[in-house]
Amino acid sequence: MEDMQKTYDPKDFEDKIYSKWVEKGCFKAKIDPDKVPFSVMMPPPNVTGQLHIGHAMDETMQDIVVRFKRMQGYSVLWQPGVDHASLATEHKIVEKLRAEGTTKEALGREEFLRRAWAWKEQYGGRIVEQLKKLGSSCDWDRLAFTMDEKCSRAVREAFFRLYEAGLIYRGSRIINWCPDCKTALSDEEVVYSEDAGHFWHFAYPIEGSDEKIVIATTRPETMLGDTAVAVHPDDKRYAHLVGKTILLPLTDRKIPIVADGYVDPEFGTGAVKITPAHDPNDFEVGLRHKLPMIRVMNDDGTINELGGEFAGLDRYEARERVVEAMKTRGLLVKVEAHTHNVGHCHRCNATLEPIVSKQWFVAMRTLAKPAIDAVAKNKTKFTPDRFAKIYYNWLENIRDWCISRQLWWGHRIPVWYCANCGAEIVTPRVDPTVCPHCNCTELTQDEDCLDTWFSSALWPFSTLGWPEETPEFKYFYPTDVLVTGYDIIPFWVMRMMVSGLRYTKKVPFRDVLIHGLVRDEQGRKMSKSLGNGVDPLEVIEKYGADSLRLALISGVAPGNDTRMSAAKIEASRNFINKVWNASRFVLMNVKGTDVPPSLDGLHLQPADRWIISRLMATVREVTLALKKYDLGIAADRIVDFAWNDFCDWYIELSKPVLYGEDQEKKRQTLAVLLFVLETTLKLLHPFAPFVTEEIYGYLPHAKGMIMMQDFPRYDPKLAYREEAKAFEGVIELIKAVRAIKVSVNCPPAKKVRLYLATDAKRLITANKNSILRLAGASDIGFVENGLPAEEKAVSQVTDIAHIFVPLGELVDLEEERVRLNKELERVQGEIARAGSKLSNQNFIAKAPKKLVEDERAKLEKFLVMKKKIEDQLKNL
RNA sequence: GGGGGCAUAGCUCAGUUGGUUAGAGCGCAUGCUUCACAUGCAUGAGGUCACAGGUUCGAGUCCUGUUGUCCCCACCA
């Protein structure tokens, strides 16, 4: 086999490896009765969307979990799919048509849909290809689309069931209307922002009196639809006017003055114009006082024929003209600057109009209850659990969900109306042809579509074939974990919970792993307008997918936002490069040897046992962290082990053996190097799948693909706790010698002689060559009581030895005295701290025994150190 | 108005059920072209864990309050 390339270049192998995984069917989900299923539903990205950094994080997290579980032996389904994204997609197509100089109305429904599907065919594959670049190990053979036959069938069934139960109804209510997209929106789709506006004070004349009542409004044009003015019942200023009639200016209408508790006497003038058809609060007031509703605006935001002379004007032009007209009549009292929260369309950002409109709604209150209970009873668990509170907050305050959209791209509402008797007809599967009430055959289907989230809400089971009891559904449902961002909780998580419990009587997923947003270097949201977005595809191109993945999850706690920067990605790339080079080192040395395939029967040296012990600790911690979805911690542990323990220590410790003469020791060391490398690669695989798979292919005893190997297991036989701890003493010794040399500016290349007063002669002798090499020493001598003063040595006390390094001219005795005194001070501080703890009777009585013992041992240790340092000071 | 987050090294952030001398990356300082890697190695400086109380033998961690900051929801027309 060829050797590994000298430099790490992900472009050499990432695509090749992905193809290989696909070819070998590594991602395929199988119904295997002998295995435990583990299923994850990918949050479907918009079918015509492009991969952005937020997707990249979401996908990476899922892929890590899924690869981990697959290696642990679960039968994994990671279900991929894309969303038709009704409004988003239709918006794009409408824009395109506008550029072509036509409109959807001009094309007609059929032709428009033909174009929409063509658009979907053209761009629908793009995001899927981009997901592959990341290394996503989902079962592409099962790729679903919210508008495919399977999902559409589920939508129809779900609608039917809710309708039958009376939980879907049609009614005229105030909804959020986008005059640009010309559709209703749900409350969740409204984005509020503080906008600068005005507060116009208008005087309304009162019939049969010279008195006028002054109202204040931010939307003057809506006065054309006023049907009352309201004041607070206890407001003495207006008490005499309640029941009187207003001659509404600019119209020929007479409207009453009513008293209603909704009015805040402190705000504005204390008198409110009531426009039931154009304001949610006014709508309520209107119902209470049985006021007429006069809708004065068309769907496109222009004033309709009820607006008299203003008919046909755009809403903003109408606003100006109304103000002008009032001014001319001397009825404009004043204008104030006023900033207020205004709702905008989440898709096109147009200012929304609250409008009375006949729409379809889902009665959410009834449905919310089981969804609240399921989380309260821990049937579904949020990670981190604080998001359960946010979830409750949403569901407890939920209002009915407006599900109809005046769009064509989506699931057409499965309701037919009878031309004869006006009946609503809803059937679960087959389209009705005859009215069951009057036998009339003239039926027309509702023109509108469903909110895109209506189908997304069914995703965990619609993709598995529900309402059919398919084998997939039985095996993989409920799913195990849903991974998504906190911003999607109200849109999706909540609604999947509601639907899942309603239709399947089960929670749709057992865990919900919530992540935050990926922000830019300065903590700002990434946005197109700021141009501060990090393009994941560019990052992959430049650094490789593994670096991107690692950068996206390292140092990130669940649920928290994270910042992305070139520096962070480079740090990840550097680590992967490190792994690459360490692997090269091992393979280079293994080449041409008969390295044993396992550790069985080997006589392990202290350093070997130490690294294996550290490895086992890492395996345990990583496994635990992954189980708890602490992906950032898991990654940090692996990086820390691989870089510090393995590369900086064990590989360096192995060199004197590898370059030495003892062939048997060499074989053993190679076996350990290989074992640790292979185990580390497996641990790292879920995080950095490409590079680990590539390197694994070079390992002499590799079996197939790394992604199909067993995830490393903690083996108590390999824990070697005591030996590892003893060996830490050797490491501490080496570090101390290095520090001594630096402290006197001794060139690193200059070898020094070490003199050690120690009880650990055996351990030190066994590791002599390593100590010499790593500490930069020429020889070790053992002494009883240090060196004579004329030797001019620098000394340091460690756990296993009192070190003396004679450095002759380099040593300044005065400086050495200062250094030792400083050290003495530190040790005395420790003695005082431990001493005060141990003299506290409450500590002795109440703290765990182990802790007390540890504290005693510590005190003992520091007392010995103190003695040695004092002796040395006397000696100087 | 309601809900939630955050405050730890110069910067960005970890810190599992309270328990060694509070960690990492980046940055900084000093020194290293040692045969895997300068995308590197070694050594080091740098923290009253926002503030004030409390619980506890013991608090960065739990409780109460304060301050600052960010987000979500509601929406006084």
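The values are calculated or read from the model by the stated rules, or taken from the named source; none is laboratory data. Note that this is a predicted model, so its numbers are computed, not measured. All Cβ positions, even for glycine, are placed from backbone atoms using ideal geometry, and neighbour counts span all protein chains on display. These accessible areas exclude ligands, DNA and RNA; they are computed on the full protein's heavy atoms, side chains included. Shrake-Rupley method; radii C 1.70, N 1.55, O 1.52, S 1.80 Å.
Mind counting the residues in segment A:179-194 that are in a strand (DSSP E or B) and within 30 Å of the chain's Cα centre (by Cα)? Write out each step before concluding.
Step one: of segment A:179-194, the residues in a strand (DSSP E or B) are A:183-185, A:190-194.
If we keep only those that are within 30 Å of the chain's Cα centre (by Cα) too, we end up with A:184-185, A:190-194.
Total satisfying the criteria: 7.
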Practice problem: Filter segment A:270-279 for residues that are open to solvent by 20 Å² or more (accessible area, probe 1.4 Å) and more than 6 Å from RNA strand B (Cβ to nearest atom) and give the result. | Solution: A:D279
Exercise. Please determine, by comparing only the residues of segment A:822-876 that are within 15 Å of A:V797 (Cα to Cα) and acidic (D, E), which one is nearest to RNA strand B (Cβ to nearest atom).
Key: A:E830
Quiz item: Only one residue in A:T618, A:T562 is closer than 30 Å to A:R667 by Cα and among the β-branched types (V, I, T), so which one is that?
Solution: A:T618
Quiz prompt | Qualifying residues in segment A:753-762 (those that are aliphatic (A, V, I, L, M) and surrounded by 20 or more Cβ atoms within 10 Å (Cβ to Cβ)) - the one farthest from RNA strand B (Cβ to nearest atom) | solution = A:L756
Practice problem: Could you grab me the full set of residues in segment A:396-413 that are within 24 Å of A:K150 (Cα to Cα), of a type in the set (D, E, K, R) and open to solvent by 10 Å² or more (accessible area, probe 1.4 Å)? | Solution: A:R412
Quiz item: Cβ-Cβ below 6 Å, separation at least six or inter-chain, first residue in segment A:694-713 and without any contact (Cβ under 8 Å) to a residue 60 or more places away in the chain, second open to solvent by 20 Å² or more (accessible area, probe 1.4 Å): which pairs?
Solution: A:Y696/A:A702
Practice problem: Being within 13 Å of RNA strand B (Cβ to nearest atom) and either open to solvent by 20 Å² or more (accessible area, probe 1.4 Å) or in a helix (DSSP H, G or I) (or both) is the filter; apply it to segment A:772-784 and report the residue that is nearest to A:M865 (Cα to Cα). | Solution: A:A775
Practice problem: Would you mind telling me which numbered condition in (1) away from RNA strand B (no atom under 16 Å from the Cβ); (2) open to solvent by less than 10 Å² (accessible area, probe 1.4 Å) A:A318 fails? | Solution: (1)
Quiz prompt | Odd one out for A:Y543 among (1) over 27 Å from A:I127 (Cβ atoms); (2) in contact with an Asp or Glu (Cβ under 9 Å, 6 or more places away or on another chain); (3) surrounded by 17 or more Cβ atoms within 10 Å (Cβ to Cβ); (4) at pLDDT 95 or above | solution = (1)
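Does A:A671 satisfy the criteria of being in contact with a helix residue (DSSP H, G or I) (Cβ under 7 Å, 6 or more places away or on another chain) and buried (at least 18 other Cβ atoms within 10 Å of the Cβ)? Write out each step before concluding.
On the way: in contact with a helix residue (DSSP H, G or I) (Cβ under 7 Å, 6 or more places away or on another chain): no; buried (at least 18 other Cβ atoms within 10 Å of the Cβ): yes.
No.
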Quiz prompt | Checking A:I740 against (1) modelled with pLDDT of 95 or more; (2) within 16 Å of RNA strand B (Cβ to nearest atom); (3) hydrophobic (A, V, I, L, M, F, W, C), the condition it does not meet | solution = (1)
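Can you say whether A:Y475 is touching a Phe, Trp or Tyr at 6+ places or on another chain (Cβ under 9 Å), part of a helix (DSSP H, G or I) and of a type in the set (F, W, Y), as far as the supplied structure shows?
Values: touching a Phe, Trp or Tyr at 6+ places or on another chain (Cβ under 9 Å): no; part of a helix (DSSP H, G or I): yes; of a type in the set (F, W, Y): yes.
Against the criterion (touching a Phe, Trp or Tyr at 6+ places or on another chain (Cβ under 9 Å), part of a helix (DSSP H, G or I) and of a type in the set (F, W, Y)), A:Y475 does not qualify.
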Quiz item: Within segment A:198-227, how many residues are more than 9 Å from RNA strand B (Cβ to nearest atom) and in a strand (DSSP E or B)?
Solution: 11
Practice problem: Kindly list, by first and then second residue, each pair from a residue in segment A:213-231 that is aromatic (F, W, Y) to a residue that is near RNA strand B (Cβ under 9 Å from one of its atoms) and outside any helix (DSSP H, G or I), limited to pairs with Cβ atoms under 8 Å and residues at least 6 apart or on different chains. | Solution: none
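Filter segment A:582-614 down to the residues that are away from RNA strand B (no atom under 16 Å from the Cβ) and in a helix (DSSP H, G or I), then identify the one that is nearest to A:M71 (Cα to Cα). Lay out the reasoning, then the answer.
Kept after step one, since they are away from RNA strand B (no atom under 16 Å from the Cβ), are these residues of segment A:582-614: A:594-606, A:608-609, A:612.
Of the ones still in play, those that are also in a helix (DSSP H, G or I) are A:606, A:608-609, A:612.
Working: A:P606: 31, A:D608: 26, A:R609: 26, A:I612: 21 Å.
This residue is A:I612.
Among the candidates A:K682, A:K725, A:K628, which residue alone is without any contact (Cβ under 8 Å) to a residue 24 or more places away in the chain and over 13 Å from A:A607 (Cβ atoms)?
Working: A:K682 fails: without any contact (Cβ under 8 Å) to a residue 24 or more places away in the chain; A:K628 fails: without any contact (Cβ under 8 Å) to a residue 24 or more places away in the chain.
Within the list A:K682, A:K725, A:K628, the selection yields A:K725.
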Quiz item: In segment A:113-120, is there at least one residue being over 30 Å from A:V362 (Cα atoms) and in contact (Cβ under 8 Å) with a residue 60 or more places away in the chain?
Solution: yes
Self-check item: Hits in segment A:8-61 - residues which are open to solvent by less than 50 Å² (accessible area, probe 1.4 Å), in a helix (DSSP H, G or I) and not aromatic (F, W, Y)
Solution: A:P10, A:E14, A:I17, A:I53, A:G54, A:H55, A:A56, A:M57, A:D58, A:E59, A:T60, A:M61
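Filter segment A:281-311 down to residues that are acidic (D, E) and within 16 Å of A:D252 (Cβ to Cβ) and give me whichever is surrounded by the fewest Cβ atoms within 10 Å (Cβ to Cβ).
If we take residues in segment A:281-311 being acidic (D, E) and within 16 Å of A:D252 (Cβ to Cβ), then A:E305 is surrounded by the fewest Cβ atoms within 10 Å (Cβ to Cβ).
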